[in-house]
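The values are calculated or read from the model by the stated rules, or taken from the named source; none is laboratory data. Just so you know, these numbers come straight off a predicted model, no measurement behind them. Neighbour counts run over all protein chains shown; Cβ positions are idealised from the backbone, glycine included.
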Amino acid sequence: MKSSITSVYLGVAAGAMLLTGCVTDEVTGKKTISKAAIGGVAGAVGGYLLGDLIGGKKDRTEKIVGAGIGAVAGAGVGYYMDQQEKKLREQTAGTGVNVVRDGDNLILDMPSEVTFAVNSSTIEPAFQTTLANVSATLAQYESTYVDVMGHTDSTGSDSYNQGLSERRAQSVAAFMSGRGVNSARLATIGYGESQPKASNSTEEGRAANRRVELRLVPITQ
């Protein structure tokens, strides 16, 4: 079962690399896949999940509407996410958090060495200020879905890693909810060790794989 699930995730990751490797012809406006992206897919071992929202867009949208949160007009989505990205980059500079842009989506990659102690789902006190600042920005830019995704390295059993990844995602979501981020926007999921972005054969790789990611997707009609 584990191998089949992992294969699905790796396939999604490869697709994500192709998507992020698109280049646009300035004259025709046609998008194509760069050779670098094609080459990168062959060696992919994981990556950011893109596409469907956690829990499904229909259910999430119903919660958003019920909470009275408005959508971003189509023409303004890019600018809206540009401003949010700029502020998040300012707030996370030098903290170890990486802000990645993919189209109109944003990914915040938060390595566990700056967010959690080993085998813990309690947010480190030193990181709480940064996460509070991020939460303040997310509360200000409320027209975004926020997916909170937990990951681990391959050390330990599958079941333990799965539970730890879920607890870490839930811990981050609870913190943000307590700092003004409407819970209707938030969804959590744990992927355990199934979504590595580096090799688990080295300590450096394992450290990179122990992480929580925030995926910010604009709410549009």
Practice problem: Please indicate, with yes or no, whether at least one residue in the stretch 136-155 is crowded, with 19+ Cβ neighbours inside 10 Å and out of contact with any helix residue (DSSP H, G or I) (no Cβ under 8 Å at 6 or more places or on another chain). | Solution: yes
Among the residues of the stretch 152-197, the number that are without any contact (Cβ under 8 Å) to a residue 40 or more places away in the chain, over 20 Å from Asp52 (Cβ atoms) and either aliphatic (A, V, I, L, M) or not assigned by TED's automatic domain parsing to the domain that holds Gly56 (or both) is 1
Screening Thr115, Thr188 for residues that are buried (at least 22 other Cβ atoms within 10 Å of the Cβ), more than 22 Å from Arg60 (Cβ to Cβ), polar (S, T, N, Q) and within 18 Å of the chain's Cα centre (by Cα) leaves only Thr115
Within the stretch 73-101, restricting to residues that are touching a residue at least 24 places away in the same chain (Cβ under 8 Å) and of a type in the set (S, T, N, Q), the one that is farthest from Gln221 (Cα to Cα) is Thr95
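Condition first: in contact (Cβ under 8 Å) with a residue 40 or more places away in the chain and in a loop (DSSP other than H, G, I, E, B). Now tell me which residues in the stretch 102-121 satisfy that.
If we filter the stretch 102-121 for residues that are in contact (Cβ under 8 Å) with a residue 40 or more places away in the chain, which is where we start, we get 102-113, 115-116, 119, 121.
Those that are in contact (Cβ under 8 Å) with a residue 40 or more places away in the chain and in a loop (DSSP other than H, G, I, E, B): Gly103, Asp104, Asn119, Ser121.
With respect to Ser159, is the statement that it is assigned to a helix (DSSP H, G or I) and surrounded by 24 or more Cβ atoms within 10 Å (Cβ to Cβ) true?
Details: assigned to a helix (DSSP H, G or I): yes; surrounded by 24 or more Cβ atoms within 10 Å (Cβ to Cβ): no.
For Ser159, the condition - assigned to a helix (DSSP H, G or I) and surrounded by 24 or more Cβ atoms within 10 Å (Cβ to Cβ) - is not met.
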Residue count, the stretch 191-221, condition more than 20 Å from Val99 (Cβ to Cβ) and surrounded by fewer than 20 Cβ atoms within 10 Å (Cβ to Cβ), comes to 10
Note on Lys87: of the conditions (1) over 24 Å from Met110 (Cα atoms); (2) out of contact with any strand residue (DSSP E or B) (no Cβ under 9 Å at 6 or more places or on another chain), unmet is (1)
In the stretch 122-139, anything touching a residue at least 12 places away in the same chain (Cβ under 8 Å) and not β-branched (Val, Ile, Thr) is listed as Ala126, Phe127, Gln128, Leu131, Ala132, Asn133, Ser135, Ala136, Leu138, Ala139
Scanning the stretch 197-217 residue by residue, those in contact with a Leu (Cβ under 9 Å, 6 or more places away or on another chain) and of a type outside the set (Lys, Arg) turn out to be Val212, Glu213, Leu214, Leu216, Val217
Filter the stretch 171-194 for residues that are touching a strand residue (DSSP E or B) at 6+ places or on another chain (Cβ under 7 Å) and in a loop (DSSP other than H, G, I, E, B); the one that is nearest to Gly76 (Cα to Cα) is Val181
Of Val134, Val146, the only residue that is in a helix (DSSP H, G or I) and hydrophobic (A, V, I, L, M, F, W, C) is Val134
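Among the residues of the stretch 82-101, how many are of a type in the set (S, T, N, Q), outside any strand (DSSP E or B) and either surrounded by 14 or more Cβ atoms within 10 Å (Cβ to Cβ) or modelled with pLDDT under 95 (or both)? If you could, list the steps in order and put the result at the bottom.
Pass one, the stretch 82-101, residues of a type in the set (S, T, N, Q): 83-84, 91-92, 95, 98.
Filter once more, so that each one left must be outside any strand (DSSP E or B): 83-84, 91-92, 95.
The next check asks that each one be either surrounded by 14 or more Cβ atoms within 10 Å (Cβ to Cβ) or modelled with pLDDT under 95 (or both); those that pass are 84, 91-92, 95.
Total meeting the criteria: 4.
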Within the stretch 62-75, residues being surrounded by fewer than 16 Cβ atoms within 10 Å (Cβ to Cβ) and among the β-branched types (Val, Ile, Thr) number 1
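For Arg168, state whether it is farther than 29 Å from Glu90 by Cβ, part of a helix (DSSP H, G or I) and of a type outside the set (Gly, Ala, Ser). Let's see the steps before the verdict.
Values: farther than 29 Å from Glu90 by Cβ: no; part of a helix (DSSP H, G or I): yes; of a type outside the set (Gly, Ala, Ser): yes.
Criteria not met by Arg168.
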